[in-house]
1. How large is the direction-averaged shadow of the alpha-carbon convex hull of the range 18-144, in nm²?
2. Report the dimensions of the range 269-368 along its three principal axes from the alpha-carbon atoms, largest first, rounded to Å.
3. Compute the distance in nm between two label points, each set 7 Å from the Cα along the Cα-to-Cβ direction, one at ASP140 and one at ALA353.
4. Using only the alpha-carbon atoms of the range 2-89 as identical scatterers, what base-10 log of I(q)/I(0) does the Debye formula give at q = 0.18 Å⁻¹?
5. What is the distance, in nm, between label points placed 7 Å from the Cα along the Cα-to-Cβ direction at GLU94 and at ASP172?
6. On a 23 Å Cα-Cα criterion, which of the cross-link pairs LYS113/LYS334; LYS95/LYS178; LYS113/LYS178 come out too long?
7. Between SER54 and GLN193, what length in nm is gained on full extension when 0.36 nm per residue of separation is reduced by their alpha carbon distance?
8. Evaluate E = 1/(1 + (r/R0)^6) for SER179 and ASP295, where r is the Cβ-Cβ distance and R0 equals 25 Å; express this FRET efficiency to the nearest 0.05.
Amino acid sequence: MALVVLAVAIAGKFVGAYAGSRISRLGHWEALSMGAGMNARGAMEIILATIGLSVGVLTQNMFSIIVVTAIVTSLMAPPLLRWTLGHVEMGDEEKERLEAEDRQSGSFVGNLKRVLLPTKGGTSAGLTARLLGLLVTAQDVEVTAMFVGSAPKEDKGKGENQSDEVLSRVEDRLDLSKSQVRRVVRDSEGDNQFGEVVLAEAEKGYDLLVLSSTGPPSERGSALFGEGVDDLVRDAPCPVLIVRTAGPGADEDASESADSGDESDPLDLHRILLPVTGADTDRHAAEIAFALAADRDMVVDVVHVVRGGDRRARLSDDEAIQEAQEVGEDLVGKIAELGHTLGATVHTEVVVADHDEESIVDRAESNVDLIVMARSQAQVSQRASFGHRVDYVVRHAPCPVVVVSNP
């Protein structure tokens, strides 16, 4: 009797699940997997059998048969599922879903959840906010727009009006939904306390700190983005994105209009230059450039510069350069593949030059609207160092430069 009930129970579940799955256009092995999963009976059957026994609907023998059926079918499920699922071929849609999940898990931009954007209301705040808005517009990210300043002691209301005005302009430039932007106002006295306030807030679990600079001093050896920004980069507990918004000698009228409420877009991007060296941090810079360009009328130029030496190079040097070019082609090809996956239009080029940093600046002179670079933070004495290459480009580039620094 027990074997008959068990056989009917298994056949009924398998036949019903298999037929329904095939009607739903699932494959043979997928339908068998559905039957194997549905066949398992566990706690619910035992509970119902216990109730039936207690009210006299079931006999002791029928109760025992139902319990045995529940136990046997539950034990059958794992090996049957392993066998049937092993024959299921993964469809294109499932492959794309798994690949997207894999990219997301290792993505720098894709894993951003909380971003801190501090401002004192300077001329570069609007440009930086606009750039950040473009970067995270397709992400589920909360941006904390934090005004850091001090109100005159004799007029506290004036300070509140200033912070509201600045944060309203920042929100307008971010162009995100209201639910994505959080306003914070912090008091400070002077630039030194500004840095302390920003660091204190950054310690609260942010994934990215976004800072802006209107351009470095022209003197070589001075702080790259200014003492305040460089100190924040050195001490920040999270990755930092620095936006240098104006090149050497650049007219800052556009920056001024950004903060004065001018409706024109101060960051009209069409071409982004992405210099790569093969370092691990290239991926972070690449993700930022591709996130800005994805599904927009923008082109990302991925460029790798091979040092060419002088004109009296020997044949062996030429062979080494050719080999380096082949390595560079493979490098920019892999970066471009990432860009295509993220929906960006990408051009690649490997160039030979005596000085890579000068070559990058020269290329930026030709219709480049933004340069994106990445550098792991290295501390030299008490100053954050980005390396000669980044230092030179930031000081001499004619267009805005974005630099990503990891702690």
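1. Here the figure is 14.6 nm², rounded to one decimal.
2. 46, 26, 19
3. 4.2
4. -0.77
5. Label-label distance for GLU94 and ASP172, simple model: 5.2 nm.
6. Where the Cα-Cα span goes over 23 Å, the pairs concerned are LYS113/LYS334; LYS95/LYS178.
7. 42.6 nm is the gain from fully extending SER54 to GLN193.
8. 0.70
No value in this document is a laboratory result; all are computed from the given coordinates. Please read these numbers as outputs of a predicted model, since none were measured by experiment. When we count neighbours, we look across all protein chains shown, and the Cβ atoms used for this are built from the backbone with ideal geometry, even at glycine.
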